[in-house]
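Below is one structure; the comments refer to it alone.
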Amino acid sequence: MEKVECEIEVKSPADKFWEGLKDSTTIFPKIFSHRFKSIEIVEGDGTSAGTVRLLTYVEGTPFITFAKEKVELVDDENKILGYSVIDGELTTLFKTLKVSLQVVPKGEGEVEVQVQVEGKDEGEGKGEGEVEGKGEGSLVKWCMAFERANEDVTIDPHHLKENATKAFTGLDAYLVAITV
């Protein structure tokens, strides 16, 4: 399985950014109205493992009109989220598409991260530090593991990484703005 990873530094404290991510079903269509027509919860409570969300993209979005995501892991203590794309155009391009992310307070150093999605290790990083989330600023550690549907798939997975980076920086700007 191939992987694409990145770390994005944000100004929001880890606790606040984590809560914003957990509320992305409501927040993202508001702050990214140019990208999302809607995000609906079709199964579950919207914040825990087992939740299934339907993301509908605005007309003209490249490659995609909708995606269905299944949340596989939510670890509030360590601020870890894992989900899989289970339906939509992306599933015709990728046999498997799984994302894991963790929000870590800036300055705490690396923490050991091992995200289990459907019983498989999907991302791992090692180091020392505590995950408290009280200080100013944080890092968002994002990893996408995928298997292409076939060798003819030409979509660059780094495009999906760029979209994730834009989402995190946009969410951070929104959270900082509503705090001022």
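Here is how the numbers come out for the structure above:
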{"quantity": "Some residue of region 104-118 being modelled with pLDDT under 65, surrounded by fewer than 14 Cβ atoms within 10 Å (Cβ to Cβ) and at positive phi", "calculated": "yes"}
{"quantity": "Residue list for region 48-88, restricted to those being under 13 Å from the mean Cα position of the chain (by Cα) and either of a type in the set (Val, Ile, Thr) or surrounded by fewer than 16 Cβ atoms within 10 Å (Cβ to Cβ) (or both)", "calculated": "71, 74, 80, 85"}
{"quantity": "Long-range neighbours under 7 Å by Cβ, at least six apart or interchain, first residue at positive phi within region 78-103, second surrounded by fewer than 24 Cβ atoms within 10 Å (Cβ to Cβ) and in a strand (DSSP E or B)", "calculated": "88/66; 88/67; 88/68"}
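The values are calculated or read from the model by the stated rules, or taken from the named source; none is laboratory data. All figures in this text were calculated on a predicted structure; none of them were measured in a lab. Here the Cβ is made from the backbone with ideal geometry for all residues, glycine too, and neighbour counts use every protein chain on show.
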